[in-house]
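The values are calculated or read from the model by the stated rules, or taken from the named source; none is laboratory data. Please read all numbers here as calculations on a predicted model, not as lab measurements. Neighbour counts run over all protein chains shown; Cβ positions are idealised from the backbone, glycine included.
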Amino acid sequence: MTLQQFFTQHPKAALAFSGGSDSAYLLWAGRTFGQDVRPYYVSTPFQPAWEREDAQRLARELGVPLTVVELDVLACPEVAANPSNRCYFCKKALFSALWQRVRADGFSLLLDGTNASDDAQDRPGMRALSELEVRSPLRECGITKAQLRALSREAGLFTWDKPAYACLATRIPTGTPITASDLARVERGEDALFALGFTDFRIRLRGDAALIQLPQDQMDRAVAQHGAILDALSPHFSQVFLDLNPRKKEEFHGQ
């Protein structure tokens, strides 16, 4: 089945829209094929402000109104406790809230941007999607991440080369309770590194310290700019460390 065939069979759907490359292309495709696909952005403490801004920008460029659903996901005890299957409880809470909203808006089909490259064994949240009957057209149509990026580039979407971004909760070690204040300081720290020109990195929280994980091609620059990095991060963390093991360029959500 092709994506066009999917949307022909399902001409009206709500879309969980993160502003990332997957859901961005799915929204573009649905609208291009002339179907009623409405994007919904769920705003939680796990998303940095720039993710919401990207989602709003893309919706504007496609001429589609974006509905923002506010959710205090930390009110869910299983999420705040941060167990190894936190992603399952988080997706369960998020998509349950989303279903409630989209049904009230008249939709009986809810989509997400999971693609064919996403491994269900590495994505505990995918079990929640299955239980809540959320459809994943990219995965069902066999569209891989590489294909999606190429198609997005052809479509002129600014998200075509946007790095995969795991939510801020992944910066907190498993088993360490998640607090809004810890999420906020990680976000401030990552914003500071973005401002210094670094990309596709992570700041992992280690107690009150920050562990920076960078791709191989940015390691030398980080060493050369260590003074600027310390100045930028010291207001938020007691110590700053650089992980000498480079991180891979692509990281699936939930890792």
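Couple of notes before you dig in:
- For the stretch 1-28, residues that are within 14 Å of CYS141 (Cα to Cα) and surrounded by fewer than 23 Cβ atoms within 10 Å (Cβ to Cβ) total 9.
- Options VAL73, VAL68; residue that is within 26 Å of LEU205 (Cβ to Cβ) and aliphatic (A, V, I, L, M): VAL73
- Restricted to the stretch 3-95, the set of helices (runs of 4 or more DSSP H) holding at least 3 residues that are of a type in the set (Ser, Thr, Tyr) comprises 21-32.
- When we screen ALA166, ALA184, ALA180 for residues that are within 22 Å of ASN82 (Cβ to Cβ), touching a residue at least 40 places away in the same chain (Cβ under 8 Å) and loosely packed, with under 14 Cβ neighbours inside 10 Å, the only hit is ALA180.
- Leading residue by the ranking (modelled with the lowest pLDDT) among those in the stretch 46-64 that are touching a helix residue (DSSP H, G or I) at 6+ places or on another chain (Cβ under 6 Å) and of a type outside the set (A, V, I, L, M): PRO48
- Lone unmet requirement of (1) in the same structural domain as ASP54 (by TED's automatic domain parsing); (2) part of a helix (DSSP H, G or I) for ILE143: (2)
- Residue count for the stretch 202-224, restricted to those that are surrounded by 17 or more Cβ atoms within 10 Å (Cβ to Cβ) and either more than 19 Å from GLU187 (Cβ to Cβ) or not assigned by TED's automatic domain parsing to the domain that holds GLY189 (or both): 2
- The residues of the stretch 96-107 that are free of Cβ contacts under 8 Å to residues at least 60 places away in the same chain and assigned to a loop (DSSP other than H, G, I, E, B) amount to a single one, GLY106.
- The stretch 152-255 holds helices (runs of 4 or more DSSP H) entirely within its bounds, and those carrying 3 or more residues that are of a type outside the set (Ser, Thr, Tyr), modelled with pLDDT of 95 or more and under 21 Å from the mean Cα position of the chain (by Cα) map to 180-195.
- A search for C-beta distances below 7 Å between a residue of the stretch 64-89 that is of a type in the set (S, T, N, Q) and any residue that is exposed (fewer than 13 other Cβ atoms within 10 Å of the Cβ), counting only pairs 6+ apart in sequence or on different chains, returns ASN82/THR174; ASN82/GLY175; ASN82/PRO177; SER84/THR174.
- One residue stands out among those in the stretch 114-133 that are surrounded by 17 or more Cβ atoms within 10 Å (Cβ to Cβ) and closer than 17 Å to CYS167 by Cβ: the one that is modelled with the lowest pLDDT, which is ARG123.
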